[in-house]
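Taking it in order: structure first as structure tokens, then the write-up.
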Amino acid sequence: MKTDHIKEIKIDESGRLCIFPEKERFSMIWRSATEVHWDDKGLFLFSPKPREWSYFDWYKHIIKVVQEANCHLVITDKTVWIDIPPTLKEEIESFCNLI
């Protein structure tokens, strides 16, 4: 399985959770029919705006879907967090430490 670093995690102006991998590209991720999408211009994975699921649920889901595509995405001390509430950042960091 490949490993790639997450450059940036943000909640955009549309309310989507966006995850920017450093190197890997996932232009065919839509085929998984999991509501995880890839933006070819911005080079990021994204979820729809949360309805029943929280942003943390979407984060875990995106990471799982990408793992099924044979890639492990990891945060680093260089990951940039944009418009991510502190509690969500803490949840994500704790989750990443458990994996």
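What follows is calculated from the coordinates using simple rules that are stated; it is not laboratory data. As the structure is a prediction and not an experimental result, all values here were calculated from the model. Cβ placement follows ideal geometry from the backbone for every residue including glycine, while neighbour counts extend to all protein chains displayed.
Describe numerically, in nm with one decimal, the distance between label points set 7 Å from Cα along Cα→Cβ at Glu52 and at Asp12.
2.5 nm
State log₁₀ I(q)/I(0) for region 2-98 at q = 0.11, 0.14, 0.16, 0.23 Å⁻¹ as given by the Debye formula over alpha-carbon point scatterers of equal weight, solvent excluded.
Listed by q, the Debye log ratios stand at -0.27, -0.45, -0.59, -1.37.
Sorting Arg51, Arg16, Arg25 on the 10 Å Cβ count, fewest up front, what's the list?
Arg51, Arg25, Arg16
Once you list every other residue whose beta carbon is under 13 Å from the beta carbon of Phe46, what net charge do they have if Lys and Arg are +1 and Asp and Glu are -1? Please report the intermediate quantities before stating the final value.
Working: positive: Lys10, Arg16, Lys41, Lys49; negative: Glu8, Asp12, Glu13, Glu35, Asp39, Asp40.
It works out to a net charge of -2.
Taking 8 Å as the Cα distance limit and 6 or more residues as the minimum spacing, I'd like the relative contact order of the chain as a percentage. Can you show the working numbers first?
Details: 156 pairs, mean separation 33.8, N = 99.
Relative contact order of the chain: 34 percent.
Taking a cut-off of 21 Å between Cα atoms, list the lysines near Lys60, but don't count ones fewer than 8 places away on the same chain.
Those lysines meeting the cut-off are Lys2, Lys7, Lys10, Lys23, Lys49, Lys78, Lys89.
Using only DSSP helix segments of four residues or longer, with each worth -39500 (n - 2.57), what per-residue ellipticity at 222 nm results for the chain after dividing by its residue count and rounding to 500?
Result for the chain: -8500 deg cm²/dmol, rounded to the nearest 500.
Along Cα→Cβ, 7 Å out, is where each label goes; now give me the distance between the ones at Phe95 and Asp39 in nm to one decimal.
If labels sit at Phe95 and Asp39, their model points lie 1.9 nm apart.
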